[in-house]
Structure formats: C-alpha cells, structure tokens
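A short write-up of the structure that comes next.
The values are calculated or read from the model by the stated rules, or taken from the named source; none is laboratory data. Computed from a prediction, not measured in an experiment: that's the story for all the values here. Using ideal geometry, Cβ is built from the backbone for each residue, glycine included, and neighbour counts are taken over all protein chains shown. Heavy atoms of the whole protein, side chains included, go into the accessibility calculation; ligands, DNA and RNA do not. Shrake-Rupley method; radii C 1.70, N 1.55, O 1.52, S 1.80 Å.
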Amino acid sequence: MAVILNILTMSPRRLGILITNTRLRHHSSLTTELINNMDKKATWDRFYTENNSKATNFKNFEWFFGFDAIRDFILPMLHSQPNSDALHVLDMGCGTSALGSCIYRDSPWPVQVTCADISAIAVRLMQEQTEAKAVQPQNPSSKLDFLELDCTHLHKQFGSESLDLILDKGTIDALLRSREGGAKASQVLKQCLKVLRDSGSLLQFSDEDPDARMLWLEKEGREPGLMAADVGVQEVGELRGVTYYCYQVTSRPVAQ
C-alpha cells in the first residue's frame, strides 16, 4: 500500500510538467501554492482572480485538454443512459472550463448540466460569460447552471441516486497531489458513487497510470457491506508528451 500511495503522490517535478502543460503563467508564489494547496478554496480563489484580471480578456482555462479531446467519450455515455427525462450531468470542479457548456451546446439529447466549483469567483466568471455569449443548446429542453459547491458535500446538495453522469477532469487529481488532500479525494469519490443513479457513471480523466489509479479507485470506492466500485479504463491519447486516460467508475451494492 505504501508503494501505491507513493505513486499516487505526484512528485514536484511531474507536477511541474502538469503546470507547464496547462500553460500556467503565474509568479512563483502562486505556483508554490498550487503545488502544495490545491485542496484549498483560497488557492483557487486567488488563481481565478489573478488569471482573469481586468487587464485581460476572459478565456476558458482547461486542465489537461478541452472538450474536443473527450467528446467521443462523453456523448456516447449520454446516449446509453436509460433515463427518459433530461439527463443530469455534473461537471465537478468545473473552474472556468468550457466542458459543461459544450455538453449543453452539443448534446442532441436533453441534458441538465450543473457546473460546480468550490471557488465563487470561478462560478461568477462562468455565469457572466454564459450570459454574455448566450450559448444555444442543440436540444431546446436542455438546461445549464453554475453552482458554488464543495464537492465533499455532493450528497447534501443532490441526494442519493440523482445524477446520471459525473465528469472529473483534474479535480480528484488536484486533491491527491496536495499535501492534505488525500482524505478529501477519498470522500469526494464516495460522494460521487452515492449520488449516481444505478445506471450512472463517473468519468475521471487523468494522467495517472492505470496500475495505480484503478487500485486506488477500487479501494477508496468500497464501503464494506454497502458498496463496491467497478472500474474500467480507456486511453484518451497523448498530448504534449503526456498520456491521458478515461476511468469509468460505477457503483454496485454489496450483499450484507
């Protein structure tokens, strides 16, 4: 287990690659804060404030990659859901990513997309941009909203078996790579599995190797006598020398 934990705790060198790949251009104090405290609300409030100063025009910030790179993973998942009503999709830890907005725009099936982030600043920026751009959905019944939310409290917000699809593009990665975020990462995963419908899935996008991440997901998603996590993986592809993966996580009840 110690070996697995060491693998899951990204080294400063590799985290530096992540920061470079996502094109962060901030002074060293913020970079240090990101490396050490990505589990803290104050860190992200500072990041989005500095990344969207009045002197610059707003631009969506994408961890890892944008919607186009994973469109073929997400839309088929929506099509496969048996729910006849609008599918409820959560973009967890949305930041200022365009992921949720693109799903709302491109889904031919009715979707209710909720983009949630712990940073009120990120949520406000996204609300303002969505109102300014007036994004039109392909399906007129689709809805899009933005929510300030600490994702360790998903169950309080959504209740059991209420979501069809949860998207995690870097949120749990950020927690795992923080000095004090490991316990929060485990809590977020368990919360995700509680709020998903029986037919629902968590799609987690990460650069973490499957040998390590799949074991972590299976272990941390298990609640003895209550729930187990089934995990599958597909390779998304290589971008700027880093290979990314899509982990599909579903829950199943365990007979007592």
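General observations
- The Cys residues in the chain with no partner Cys Cβ within less than 4.7 Å of their Cβ are CYS102, CYS151, CYS192, CYS246.
- For GLY237, the amide hydrogen comes within under 5 Å of the amide hydrogens of TYR244, counting only partners 5 or more places away or on other chains and with H modelled in the peptide plane.
- Within the same chain, lysines fewer than 8 places from LYS133 are excluded, and of the rest, those with a Cα less than 21 Å from its Cα are LYS54, LYS59, LYS143.
- Surface exposure of the stretch 110-197, expressed per residue as accessible area with a 1.4 Å probe, stands at 42 Å².
- Contact order normalised by residue count of the chain, Cα under 8 Å, 6+ apart, percent: 17
- Remark: relative contact order (the stretch 52-190) = 26 percent; criterion is Cα-Cα distance under 8 angstrom and separation of 6 or more residues.
- Other-chain or far-sequence residues with amide H under 5 Å of SER206's (modelled H): TYR245, TYR247
- In sequence order, calculated HN-Hα J values of the stretch 200-206 (Karplus, 6.51, -1.76, 1.60; Hz; x Gly/Pro): x, 9, 9, 9, 10, 9, 7
- Only the Cβ atoms of Lys and Arg (+1) and of Asp and Glu (-1) were treated as charged; on that basis the dipole of the chain about its Cα centre amounts to roughly 580 debye.
- Simple spin-label estimate for ASP198 and LEU147 in nanometres, 7 Å along Cα-Cβ: 2.3
- Table column - 3J(HN,Hα) (Hz), the stretch 111-124, Karplus curve with 6.51, -1.76, 1.60, x for Gly and Pro: 10, 10, 9, 10, 9, 10, 8, 6, 8, 5, 5, 4, 4, 5
- In this label model, PHE73 and GLN127 are separated by 3.0 nm, measuring between points 7 Å along each Cα→Cβ vector.
- Zone of ASP85's modelled label, taken as backbone nitrogen in the stretch 188-227 under 18 Å from a point 7 Å along Cα→Cβ: 195-201
- Share of carbon and sulfur in the accessible heavy-atom surface of the chain [1.4 Å probe, %]: 50
- For the stretch 176-238, the Cβ-based charge dipole about the Cα centre amounts to some 440 debye (Lys, Arg positive; Asp, Glu negative; other atoms uncharged).
- One chain, two ends: PHE58 and GLU180. Fully extended at 0.36 nm per residue, the span grows by 40.8 nm beyond their Cα-Cα distance.
- Note on the chain: helix-only mean residue ellipticity at 222 nm, from DSSP H runs of 4+ residues weighted -39500 (n - 2.57) and normalised by residue number, equals -12500 deg cm²/dmol.
- Amide H contacts of VAL111 (H built 1.01 Å from N, in plane; Pro and chain starts excluded): LEU87, SER142, LYS143 sit under 5 Å, all sequence-distant by 5 or more or on other chains.
- Positive-end ranking of MET214, GLY200, THR243 along the dipole of the stretch 152-256, with charges on Cβ about the Cα centre, is headed by GLY200.
- Three semi-axes of the equivalent ellipsoid, the chain, Cα gyration tensor, whole Å, largest first: 26, 25, 16
- Per-residue 3J(HN,Hα) values for the stretch 87-100, derived from phi via the Karplus relation 6.51 cos²θ - 1.76 cosθ + 1.60 with θ = phi - 60°, read 6, 9, 10, 10, 8, 8, x, 5, x, 10, 5, 8, 4, x Hz in sequence order (x marks Gly and Pro).
- Looking at the stretch 152-256, the trypsin sites (Lys or Arg not before Pro) that sit in a DSSP loop and have at most 14 other Cβ atoms within 10 Å of their own Cβ are ARG179, ARG240.
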